[in-house]
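**Student:** Pasting a structure here, questions to come.
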Amino acid sequence: ITMHNSTPITKKVTVEATVLDSKNNPVSETAVSSVITVPAETEQSVILEPKVASPVLWSPDNPCLYKLKTVIKDEAGELIDEYHTVFGYRYIDWDEDKGFSLNGKYMKLKGVCLHHDQGALGAAQEYEAIYRQLVTLKEMGCNAIRTSHNSTSKILINICNELGMLVDFLNQVDV
């Protein structure tokens, strides 16, 4: 976690991280926190590692997502910022003879190369249009998307995570 202090005064803050399930219930063993000093007009980073004992693994058949809730408080305990990062637990492997495996299970990638535009809608990234497109592809048996030569939108990545679609993108995700 990187914090930027844009003020001319050194600040001492508490950074806390908790993993939440899809119903916003804490699932990490405990919230982890650290008190750090951020000098004036600089950035300071801290690594926090909340532990989840038995996470449900994300897969195309079960796209289980969690949230990392990050909270920053000032010395008086007042909330400065709160940020949620959505993610899924999974592990991958590649064997030259057996191919790709996700969470220890070998699987075939059944995908398409997907350009960033929405046909007549153009290059605007409309959530509903992308969602509809990806649901249709998933219903057809698609489980993977290869993005094209344009930067991948955050909307596409979020919908793929939600629906259980693997994504191979070579371009940096737009923020």
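Rule-based calculations on the coordinates, nothing more; no lab input. Everything numeric in this text was worked out from a predicted model, so none of it was measured. Cβ coordinates were reconstructed from backbone atoms using ideal geometry, including for glycine residues, and neighbour counts include every protein chain displayed.
**Student:** When the helices in the chain are scored as -39500 (n - 2.57) per DSSP H run of 4 or longer and the sum is shared across all residues, what 222 nm value do you end up with, to the nearest 500 deg cm²/dmol?
**Tutor:** Details: 2 runs with 23 residues, N = 175.
The helix contribution divided over the chain gives -4000 deg cm²/dmol.
**Student:** In whole Å, what three semi-axes, largest first, describe the equivalent ellipsoid of the stretch 51-175 built from its Cα gyration tensor (square root of 5 times each eigenvalue)?
**Tutor:** Details: eigenvalues 163, 103, 32 Å².
For the stretch 51-175, the semi-axes come out at 29, 23, 13 Å.
**Student:** Separate question: Summing Lys, Arg as +1 and Asp, Glu as -1, what charge do residues with Cβ under 13 Å from the Cβ of residue 6 carry, residue 6 excluded?
**Tutor:** Working: positive: 11; negative: 41, 43, 81.
Net of charged neighbours comes to -2.
**Student:** Further question: Kirkwood-based Rg over Rh for the stretch 42-118 (C-alpha set), two decimals?
**Tutor:** Details: Rg = 18.7 Å, Rh = 16.5 Å.
We get a ratio of 1.13 for the stretch 42-118.
**Student:** Can you give the local net charge around residue 66? Use residues other than it whose beta-carbon is closer than 15 angstrom to its beta-carbon, Lys and Arg +1, Asp and Glu -1. Working shown, then result.
**Tutor:** Details: positive: 23, 51, 67, 69, 90; negative: 21, 29, 49, 162.
With Lys, Arg at +1 and Asp, Glu at -1, the net is +1.
**Student:** Using the Cβ atoms and a cut-off under 12 Å, what net charge is assigned to the surroundings of residue 27, where Lys and Arg are +1 and Asp and Glu are -1?
**Tutor:** Values: positive: 23, 51, 67, 69; negative: 21, 29.
Net charge in that neighbourhood comes out at +2.
**Student:** Using only Cα atoms and rounding to the nearest 10 degrees, what angle (0 to 90) does helix 154-163 make with the longest principal axis of the chain?
**Tutor:** For helix 154-163, the angle is close to 70 degrees.
**Student:** Right, here's the next one. Quick check: the angle from helix 127-139's long axis to the longest principal axis of the chain, C-alpha only, nearest 10 degrees?
**Tutor:** Orientation of helix 127-139: about 50 degrees from the principal axis.
**Student:** If the viscosity is 1.002 mPa s and the temperature 20 °C, what translational diffusion coefficient in µm²/s does Stokes-Einstein give for the stretch 81-139 when Rh comes from Kirkwood over Cα pairs? Working shown, then result.
**Tutor:** Values: Rh = 14.9 Å.
Value of D from the Cα-based Kirkwood radius: 144 µm²/s.
**Student:** Give, to the nearest whole percent, the P(r) tail of the stretch 1-86 beyond 14 angstrom, counting all Cα pairs.
**Tutor:** Numbers: 2412 of 3655 pairs.
In whole percent, the share of Cα-Cα pairs in the stretch 1-86 beyond 14 Å is 66.
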